[in-house]
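The values are calculated or read from the model by the stated rules, or taken from the named source; none is laboratory data. Remember, it's a predicted structure, so these values are computed and weren't measured experimentally. Neighbour counts run over all protein chains shown; Cβ positions are idealised from the backbone, glycine included.
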């Protein structure tokens, strides 16, 4: 207001707190309105009611539980306990509106065949939303968030390179049964030079310009009795999904970090070392951990990530 | 400070709490009362009738104004507002704030006096009170009366009428959030949503408490707008003010008795025009005396102007002893309305208003957002190309279905892969997310990122093709 004195109150009519600032600035000591006091009493009443209804006071090692209860399902049985937020969360996840709706959608989408599911934009939208979470829970520990994998450890699910086949049905089979991938190490059967020759041959299949003599020798080993690599990887090194043997000619490297190598010498050394050691990898089976609907949704999700066939 | 200082003694002498002094405003007739009543009728008409207004739409509810929270859509006549349009709310709030500053800077607490819900509802409550209990003297008598049958009946009827208005207000508010006829039926048959009962109940309670019981205390103690409107004042702001110089003269005010009956006689002995009838104090809904000058309690309802004008008319003296004026004008100078502050607020209001309107008018029919998947950012494919993934979120904001086709543009040789999804048909208001992949064989020496665009077209050509910029990453 434009005046610094309240004209409705004459000086002396109202007390001040006695403090004076800046020579004339004083603070009125007006009494609080009575309704404000009622407001305070109302909060006291609220607190008393709350203490009776909800967990409130610590008593020794325990606490007052309150009269309010909550009912939810635990291990198939109905449990009634004193009201608490954990049980509330459990109940929300069981019978909350959104949770029920999500389960309905999951059942609906889980009952579709892949041909319908993969072509349905609305179903795929749900797959993306739902499976992202499920993937984070069950798959991302190895395959990483988003399915990018780790070279040398866990397969990349975003590219079009499939060890065990990339149709939705094959992906489902992998999820249901799990997989064990195995390549023997050539510790005794190939010496250092032979390992390098095989390595040169494999690299040449991926567009790297290698020494022709080494490539020829490596090809002999790969496709001959000495290495026998063709038995799994095929004569054209295109891989064999039934064995989980990868295609070695598409310049996609899941196990040997060829893209990270600085020069040909290092590339050869890395591939040779890998052939020498061999590898065994294991993907666990999820049949007993996930419902068929969840497996279907996850399979469709993985199929959609990169190059599903 | 020592314990026996006079200050401490004085603190002890004062009660900690003060009961409300009851205010029994007298009714008044006049042009400001008519203006206020007109605004009141209009506001009540809009508030209570708007939910019942039907509206024809291709799809969606037939209610003109409906805030559909579960479906996350607000229907305002032909406009449908989606959650993505939330920034319009920011624009609306900015306009409200700037307009308040602008109006307050020029004409003071216009909002408080004429438009505020508290003022409007209190007015209605006072009207009911007067119809049941009578005019001010009758109400004072009744409040001092012992609790006999008359008092119980009259006060009971008053509070009952207040509760009815409060309930009508609560129910009226709830009708904006669901189909009005259905909700009213469900409400009284016990089938409406819990939120409807809770909201209606809460509003009944607050309306009854604020307009019936708390009244001017809401403005004086609770309302923040009252406080910062006071800060917007300056010496040129229009205020409801008593002309102190005219009213008091040199010898103060005086009742029109004996030789003080004519204006000439009063002026000769220096007595001002105020006949000290107290009518301006009696009509004040906040119980202040406007003759004490500008006060924080004053909501600028202008009823004291009507009261004083009526008295001046009766005396045959010129009106305007209490009037809209400014501190500058009271000092005999000219009020200046065109100032940097007022012009600035006015311009700012217009600019924000213009931006909001143009934003509403130019909203695309299809809301589309492209977000590049960043984990992993890119992946190398078997044929040597690089693949990026995108999530394209689509929301059909039209009232008809859209048959969409997504293309990639702006990057020669980039191939779009939507998997097996071919038909993207969006019903009105439908949202969906399309998973898209783009493959591109980069020529050597390409930069690590390349711009590209997604073009979204309606196969039936009902909307302009929409182009959304994004990028393709080749390396980290």
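Worth pointing out:
- Only one of the listed residues (B:211, B:192) is closer than 30 Å to residue B:63 by Cα and part of a helix (DSSP H, G or I). That residue is B:211.
- So residue B:22, is it within 22 Å of residue B:207 (Cα to Cα) and at pLDDT below 95: yes
- Residue ID - nearest to the other protein chains (Cβ to nearest Cβ), chosen from residues in the range B:385-403 that are over 19 Å from residue B:467 (Cα atoms) and part of a loop (DSSP other than H, G, I, E, B): B:385
- Residues (part of a loop (DSSP other than H, G, I, E, B) and in contact with a helix residue (DSSP H, G or I) (Cβ under 8 Å, 6 or more places away or on another chain)) located in the range A:278-308: A:285, A:286, A:287, A:289, A:290, A:291, A:306, A:308
- Residue within the range A:170-184 that is surrounded by 14 or more Cβ atoms within 10 Å (Cβ to Cβ), touching a residue at least 60 places away in the same chain (Cβ under 8 Å), farther than 26 Å from residue A:266 by Cβ and within 14 Å of chain B (Cβ to nearest Cβ) present: yes
- Of all residues in the range B:68-95, those satisfying the criterion of being surrounded by 15 or more Cβ atoms within 10 Å (Cβ to Cβ) and in contact (Cβ under 8 Å) with a residue 60 or more places away in the chain are B:68, B:73, B:80, B:82, B:84, B:85, B:88, B:91, B:94, B:95.
- Residues of the range A:25-81 satisfying the condition of being modelled with pLDDT of 90 or more and within 14 Å of another protein chain (Cβ to nearest Cβ): A:37, A:38, A:39, A:40, A:41, A:42
- Which numbered condition residue B:275 fails, given (1) in a helix (DSSP H, G or I); (2) surrounded by 21 or more Cβ atoms within 10 Å (Cβ to Cβ); (3) more than 25 Å from the chain's Cα centre (by Cα); (4) more than 12 Å from every other protein chain (Cβ to nearest Cβ): (1)
- Scanning the range B:418-463 for residues that are within 12 Å of chain A (Cβ to nearest Cβ), surrounded by fewer than 18 Cβ atoms within 10 Å (Cβ to Cβ) and within 12 Å of residue B:401 (Cβ to Cβ) returns B:423, B:425, B:427, B:430.
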